[in-house]
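S.K.: Take this structure, written in structure tokens, and hold onto it; I'll ask about it next.
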Amino acid sequence: MSKFSNVIKRSGAVVPFNKDRIMNAIYRAAVAVGGRDKELAEKLADKVLEHLEHECLPDCNPNIEDIQDVVEKVLIESGHAKVAKAYIIYREDAARRRAAELKHASRPSEYIPWAKIWHVLDWASQHELDTIEKLNKRIEAGDFPHIVHECENAYEDQINQAVEMIKEKSSTLKMVLISGPSSSGKTTTTIKLDQKLNKLGFKFVTMNVDNYFFDLALHPKDEFGDYDFETPQALDLEMINEHLYRLSKGEKVVLPYYDFKTGTRHLNRTEMQLKEKEILLIDSLHGLYPEMTKSIDDEMKFKLYLEPLMQMKDYEGNYIRWADIRLIRRMLRDSVHRAYNPEQTLLHWHYVRASEIRSIIPYINTTDYIINSAMPYEIALYRPKLLNRFIEWDNSFKDDELRQDAYLRASRVLKFLNFVRPVEDDSPVPGDSVLREFIGGSVHQY
């Protein structure tokens, strides 16, 4: 039992002390360098606690920075230099992000695809869909089916452009990587690309990298019992690279199978070998992450990136955040396909964003083509489905210091949903729409 019961956050808030947070921080750093020894992480956390208690006066409450300093010291003194380095780098990256947020940096981010953004904004402006106010006016005028038609056509045009680019590179191509953050519409886009390219005579073989997950018990877990399976290190990157390399050489490999119900991976389940003129088609959250495909030369890869790059302002002149659109999408999808209720998705979302910021967003501009998967009409369908839940979360998490991330997101989404004119009838949405991946009713099998 620790001699102190609270810890002081950077904001000054006092929250209950939990040793598991230290253990998970150490284990997360270990996972980043290939280690997966939870018992050792717990022993190191005990050493950190001993150190803190030795230095702490009676009734003191350590602050976050003090604890992190001690973690670094214990890791280095215990001979775990690689883990210490990973921990230090993660800590420094977090500090830089906080500093940038405070400064509201004036220079454009190098991670944002500005040319694509201006194209999307221009399209939205031409179609009177660049503000919630304009969207509402078109819905009130009975224009919802036509809005759906315009948005779906814009998405299909981008799919067709990607097909043309893949065709041009086909002489050296071994794999097409469809990447993007959670709930950007990768699965539907993969299906559509496969169908269109098959009509042109291309033969694709899909490879599900989810089968390369390590057992769930080996993932970091927080004090609420939530696993972090969003990081690329949740996947067996070494095995993925070995299999991709051998497949590119025409060799036979035996793929693993991951059972999501039990959270366990089974090795040597399915044989795969690329025949002549066959190309791998891979839908992966971390397709742009360099370590995922480092064994394959760039000329053999076509990298496609998806994101709902919605360019729409709310009534206060603020752009709706892309991550908030994806959060809503994932809430709806998780509740149907993964037995997660929407609140669980909200509480898990900080893991999703942290992984995106570290392992996806920095590589956006290494892609060959970007598809905007946002459908400006989608927010009108979301209001009747989730508005009451966001009202509930805005109230219940407001004063909970441990749930401030969830509160801020819920409050922000509630603000713009409150002003959207609701649409309950989704029948104008085509059965093969990327949105059907989230609201249900798709003609595709997921």
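S.K.: If you stretched the chain out fully between Leu121 and Arg321, how much longer would it get, using 0.36 nm times the residue separation minus the C-alpha to C-alpha distance?
M.R.: On the way: separation 200, 0.36 × 200 = 72.00 nm, distance 1.37 nm.
Additional length available on full extension: 70.6 nm.
S.K.: A further question follows. Provide Asp283, Asp405, Asp215, Asp314 in ascending order of the number of other Cβ atoms located within 10 Å of each residue's Cβ, fewest first.
M.R.: Starting with the residue having the fewest Cβ neighbours, the order is Asp215, Asp405, Asp314, Asp283.
S.K.: Next question, about the same structure. Check the straight Cα-Cα distances from Lys249 and name the lysines below 19 Å, setting aside those fewer than 8 residues away within the same chain.
M.R.: In chain and number order, the partners are Lys169, Lys174, Lys203, Lys275, Lys277, Lys294, Lys301.
S.K.: Checking the cross-link filter: which aspartates and glutamates have an alpha carbon closer than 13 Å to that of Lys82, excluding same-chain neighbours under 8 positions apart?
M.R.: Glu72
S.K.: Treat the count of other C-beta atoms within 10 Å as a stand-in for reagent exposure and order Glu152, Glu50 from fewest to most.
M.R.: Numbers: Glu152 19, Glu50 12.
Ascending number of Cβ neighbours within 10 Å: Glu50, Glu152.
S.K.: Checking understanding here: applying a Kyte-Doolittle mean of at least -1.0 and a length along the axis of at least 30 Å (C-alpha), which whole DSSP H helices in the chain pass?
M.R.: On the way: long enough: 81-103 (33 Å, -0.57); 144-168 (37 Å, -0.62).
Helices meeting the span and hydropathy rule in the chain are 81-103, 144-168.
S.K.: Can you return the lysines within cross-link range of Lys385? Criterion is Cα-Cα under 24 Å, with same-chain partners fewer than 8 residues away left out.
M.R.: Lys134, Lys137, Lys186, Lys313, Lys398, Lys415
S.K.: Let me ask another. Each label point is 7 Å from the Cα along the Cα-to-Cβ direction; what then is the distance between the points at Ile391 and Thr206, in nm?
M.R.: 3.9
S.K.: Could I have the simple spin-label model distance between Lys277 and Asn160, label points 7 Å from Cα toward Cβ, reported in nm to one decimal?
M.R.: 2.5
S.K.: Under 5 Å between amide H atoms, partner at least 5 residues away or on a different chain: which partners does Val7 have, H built in plane at 1.01 Å?
M.R.: Here Val15, Phe17 satisfy the definition.
S.K.: GNM, the chain, Cα, under 10 Å: largest mean-square fluctuation among Lys261, Lys275, Lys192?
M.R.: Looking only at Lys261, Lys275, Lys192, the biggest GNM fluctuation is shown by Lys261.
S.K.: Taking the Cα-to-Cβ direction at Tyr446 and at Glu55 and moving 7 Å from each Cα, how far apart do the two end points lie in nm?
M.R.: 4.8
No lab work stands behind these numbers, since they all come straight from the coordinates. Just so we're clear, the structure is a prediction, and the values are computed from it rather than from any experiment. Reconstructed Cβ throughout: ideal geometry from the backbone, glycine too, with neighbour counts over all protein chains shown.
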